[in-house]
1. Against the longest principal axis of the chain, how steep is helix 20-36, in degrees 0 to 90 to the nearest 10, with axes from Cα atoms?
2. Can you work out the FRET efficiency for the pair Ile10 and Met46, with r the C-beta to C-beta distance and R0 = 22 Å, to the nearest 0.05?
3. Summing Lys, Arg as +1 and Asp, Glu as -1, what charge do residues with Cβ under 13 Å from the Cβ of Val30 carry, Val30 excluded?
4. Which far-off residues, 5 or more places away or on another chain, put their amide H under 5 Å from the one on Thr65, with H placed in the peptide plane?
Amino acid sequence: MGRFNYYFEIVSPEKSFNTKSTISRYNTEVNSVLKEKANAEGFAQMTQTEFDEFRYKRLIVASSTSPDSGEVIPWAMRTCSFVPTNIPIILGMLVSPPTMMYTIFWQVTNQTYNAGLNFGNRNASSKQTTNELF
């Protein structure tokens, strides 16, 4: 259940409303906390308030940046933007008359969006990915 809750928090649409500058600032703050406060085993001494703030910023960074390159992913390609971006596509598929042109249009739109989402969340480095989350 913990892994499910973690991914549910990452794909939450509320995280999609952060600007690129906010995400970059949070990324810098999260990395500085990890470098300054964490010991050799990766544990840090924090109050509950500091930990909650750190965890919130870390989730925003995880949902909006590439884990390989650290670059901010464009808004429509972020995992946290999947639901608000996909709703108009799904509604268009459901509401449109079942003609050949509408079917082709919505299928092309859907596949184009899926390709963009996969491209934005690709392995952007030349090294193999690991199975560790953080």
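No lab work stands behind these numbers, since they all come straight from the coordinates. Everything numeric in this text was worked out from a predicted model, so none of it was measured. Positions of Cβ are backbone-derived with ideal geometry, glycine not excepted, and every protein chain shown enters the neighbour counts.
1. The answer is roughly 30 degrees.
2. Details: r = 21 Å, r/R0 = 0.96.
Working from the Cβ atoms, E equals 0.55.
3. Details: positive: Arg25, Lys35, Lys37, Arg55, Lys57, Arg58; negative: Glu29, Glu36, Glu50, Glu53.
Surrounding charge for Val30 is +2.
4. Those qualifying (amide H under 5 Å, at least 5 residues apart or on another chain) are Ile73.
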